[in-house]
1. Can you sort 92, 40 from fewest to most other Cβ atoms within 10 Å of each residue's own Cβ?
2. Helix 7-22 against the longest principal axis of the chain: what's the angle in degrees, Cα atoms only, rounded to the nearest 10?
3. Using only helices, what value at 222 nm comes out for the chain when you add -39,500 (n - 2.57) per DSSP H run of length 4 or more and divide by the total residues, to the nearest 500 deg cm²/dmol?
4. How far is helix 167-177 tilted, in degrees, relative to the longest principal axis of the Cα atoms in the chain, given as a value from 0 to 90 rounded to the nearest 10?
5. Estimate the FRET efficiency between residue 88 and residue 140 by the formula 1/(1 + (r/R0)^6), using the beta-carbon distance for r and 30 Å for R0, to the nearest 0.05.
6. Label-point separation (nm) for residue 102 and residue 169, each offset 7 Å from Cα along Cα-to-Cβ?
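Here, each number is a calculation from the coordinates, and none is a lab measurement. These numbers come from a predicted model, not from an experiment. So basically every Cβ, Gly included, is an ideal-geometry build from the backbone, and we count neighbours across all protein chains shown.
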């Protein structure tokens, strides 16, 4: 019988290690839910902009999250449209410095100067130029756009950003300090 190639023992050990890891219980994963959004569903009129030819309630969605990673010191919530015809997508909402003991945002808290945000939480500047939630309003005739709602768990209490930061600035700092994230994606077209 011919001898096995020398790579075979390493490959077998690697295969066994991979198979054995499949039987291990999964680590806790951050989970995101919403009473207003269904993952892979269609946005309702509440989350549609009231302007630019769209007629909606322009209301930020209710969100709740659980099972944050160990060491989480704060959260950031973003709503982003990667399909916007801008070359860089469109930031609809940014809420940062959400304290680690807060695990939800009520519907409608995304208004400018909102007193309903959790203590210490701040809103970044959306691509509408406001410190508030801006609803969906893709160009008429475009394919339905994706609206990606993400909660990020961070290893810092506060993001080191200037006042009224852009979505891109918050995104950069989030990625530098992230411990985990969870997403819901809904679509909307007109």
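1. Neighbour counts put them in this order, fewest first: 40, 92.
2. Roughly 50 degrees between the two axes.
3. So the helix-based figure for the chain works out to -4500 deg cm²/dmol.
4. 30
5. With R0 = 30 Å, the Cβ-Cβ based efficiency is 0.90.
6. 1.9
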